[in-house]
């Protein structure tokens, strides 16, 4: 599977592993780590096809675990007001309803389509559990616990040893990469479904004093 990247236009440097106030998830993946994660699942298996789609959607849209769990089949095929392809986050518990443009990461939607085709899903929940041995789908939505386990099952090598990936790490990476691509902070806040610009800045790893005027608003 080719890497789903637009990061070569962002930075060739390493996005530092930052820890503040002993908060272990103030971590961002660098370009190579993100691409390695995207290519880690074995897409010759049903489990791997699902995991690749789930990871790609979370990394390319910054979804919370509760939001990726809430997705239904039609949610991957929406459009922004200008007609650009977008993901729809539904209005459900643990979700902030919004549209998130795929941008140059449209391949994430294609992976979701691959999962739907491989699993024979035409309606209802997008992501579902799979019985042991890959023999059929479990009824209903995938659980939050299962999503966490899927992410943790593809650790990333770092100088300090293997790093278990979490949804928060993916959300922070998404925010950081958008900012480095020149996306305005207000837009990043909107795409992440955050109620505070301060939280968006924290995800990016900056303060108000670090932001050039051109990126402060829409």
* Asked: Out of all the residues in the stretch 131-146, which are part of a helix (DSSP H, G or I) and loosely packed, with under 15 Cβ neighbours inside 10 Å?
  -> 132, 133, 134, 145
* To do: Collect the residues in the stretch 176-208 that are buried (at least 22 other Cβ atoms within 10 Å of the Cβ) and closer than 25 Å to residue 145 by Cβ, keeping them in residue-number order.
  => 192, 203
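Okay, residues lined up against (1) touching a residue at least 24 places away in the same chain (Cβ under 8 Å); (2) more than 14 Å from residue 52 (Cα to Cα):
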position	(1), (2)
114	yes, no
124	yes, yes
127	yes, no
132	no, yes
137	no, yes
149	no, no
156	yes, yes
* Scan of the stretch 73-105 for residues that are surrounded by fewer than 14 Cβ atoms within 10 Å (Cβ to Cβ) and closer than 17 Å to residue 53 by Cβ, ordered by number -> 74, 77
* What residue, among those in the stretch 26-57 that are outside any helix (DSSP H, G or I) and farther than 16 Å from residue 107 by Cα, is modelled with the lowest pLDDT? -> 26
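The values are calculated or read from the model by the stated rules, or taken from the named source; none is laboratory data. For clarity, every value in this text was computed on a predicted model and none was experimentally measured. Note: ideal-geometry Cβ built from the backbone for every residue, glycine included; neighbour counts use all protein chains shown.
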